[in-house]
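The values are calculated or read from the model by the stated rules, or taken from the named source; none is laboratory data. Being a predicted model, the structure only gives us computed values, none of them experimental. Here Cβ is always computed from backbone atoms with ideal geometry, including for glycine, and neighbour counts include all displayed protein chains. Side chains included, ligands, DNA and RNA excluded: accessible areas come from the protein's heavy atoms. Shrake-Rupley method; radii C 1.70, N 1.55, O 1.52, S 1.80 Å.
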Amino acid sequence: MVFNRHLGRTFKKSSFDYHLTRRGYPNNLFTDIIKFSKINKASIILDAGCGSGLSTLPFAKKGYSIIGIDFSEELLKIAKSEAINDVPEYLLGPFENYNFKQKFDLIISGQAFHWFDEKIAYKKCFEILNNKGYLAIFAKFHDYKRSDFLLKLKNIFEKNCEFFPEGLHHHDYEKDYIKEMNDYNMFTNIKSKTYDYFLEYSKEDYRDYIISNTWMLKLDVDKQANVMNEIDSLMSNYKWPMKIPLGAVLVLGRKLSVDEHF
């Protein structure tokens with residue numbers, strides 16, 4: 001993938017800000033996961049890299065048994081505080097080498113799988129999934145190709161932010177994960193689907209979102225201030241609140257059975 005996986009730990013610097021500026025996924029993405037994976041209320045789900053629970057709670061609220069795991073104690077505290085009456089189980093630790101005591105019927109990973117070591121992560125998923133269980137990887141991105149404002153913002157990022165990811169688009173993500181699932185030969189019946197939608201942001205909320213991204217957090221204080229001055233100048237040319245175009249993608253595959261795998 002195009003992400004520098006070492007940057008994932010940057011979120012520890014600003015967990016609360018990260019949570020406040022992140023919005024959920026389109027509801028039909030979760031509906032499709034349930035439909036494609038054929039899970040039922042007796043199924044056990046694992047959310048790998050659950051963060052503050054944006055992808056965990058939608059399943060809990062639908063009555064599914066789900067466990068979330070993340071290495072960030074700060075984000076897990078937020079996830080637990082957000083749960084209210086829908087209380088999933090949360091585990092603290094790195095997904096790739098956690099010693100799970102049970103197997104799962106479905107593993108989901110929302111906006112997180114790109115932070116894992118793929119060689120370890122796919123093997124881990126294969127090992128802890130029940131026979132013919134499913135792995136669902138999904139993410140959402142601001143769709144720079146559908147907005148004049150976002151294209152200009154992207155140019156600022158590319159010019160100033162060393163760690164701004166190449167190919168940051170949901171269709172690139174889709175192609176990469178289809179290829180990875182096929183290359184590792186542990187999953188079959190691979191399906192994918194994309195979702196185009198809009199989210200409305202106030203100027204202040206969108207500014208906070210920009211600052212919370214890893215490629216901004218990695219800048220030193222003076223460089224970040226200079227970049228934000230340039231972005232503020234750009235934002236002043238547009239009317240707010242603004243509907244920001246997003247694209248989400250789901251890539252899902254079924255674990256190969258022993259006979260199929262060997």
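Here are some notes:
- With respect to (1) within 18 Å of the chain's Cα centre (by Cα); (2) open to solvent by 40 Å² or more (accessible area, probe 1.4 Å); (3) closer than 30 Å to ARG254 by Cβ; (4) aromatic (Phe, Trp, Tyr), the lone exception for PHE163 is condition (3).
- Residue in the range 98-111 that is open to solvent by less than 70 Å² (accessible area, probe 1.4 Å) and part of a helix (DSSP H, G or I) present: no
- Residues located in the range 197-212, provided they are open to solvent by less than 40 Å² (accessible area, probe 1.4 Å), closer than 14 Å to ILE244 by Cβ and under 19 Å from the mean Cα position of the chain (by Cα): TYR197, LEU199, TYR206, TYR209, ILE210
- Of the numbered criteria (1) open to solvent by less than 20 Å² (accessible area, probe 1.4 Å); (2) under 18 Å from the mean Cα position of the chain (by Cα), the one LEU150 fails is (2).
- Here LEU135 fulfils each of the conditions (1) within 22 Å of SER55 (Cβ to Cβ); (2) open to solvent by less than 30 Å² (accessible area, probe 1.4 Å); (3) at pLDDT below 95; (4) of a type outside the set (Val, Ile, Thr) apart from (3).
- Where a residue in the range 52-68 is at positive phi and its partner, wherever it lies, is open to solvent by 50 Å² or more (accessible area, probe 1.4 Å), with Cβ under 9 Å and at least six apart: GLY53/LYS80; GLY53/GLU82; GLY63/LYS41
- Under the condition of being in a helix (DSSP H, G or I) and open to solvent by 40 Å² or more (accessible area, probe 1.4 Å), the residues counted in the range 171-196 number 9.
- From the options LEU29, LEU76, residue that is in a helix (DSSP H, G or I) and either touching a His at 6+ places or on another chain (Cβ under 8 Å) or modelled with pLDDT under 95 (or both): LEU76
- Filtered residue count, the range 213-262, keeping only those that are open to solvent by 70 Å² or more (accessible area, probe 1.4 Å), farther than 30 Å from ALA136 by Cα and of a type in the set (Asp, Glu): 2
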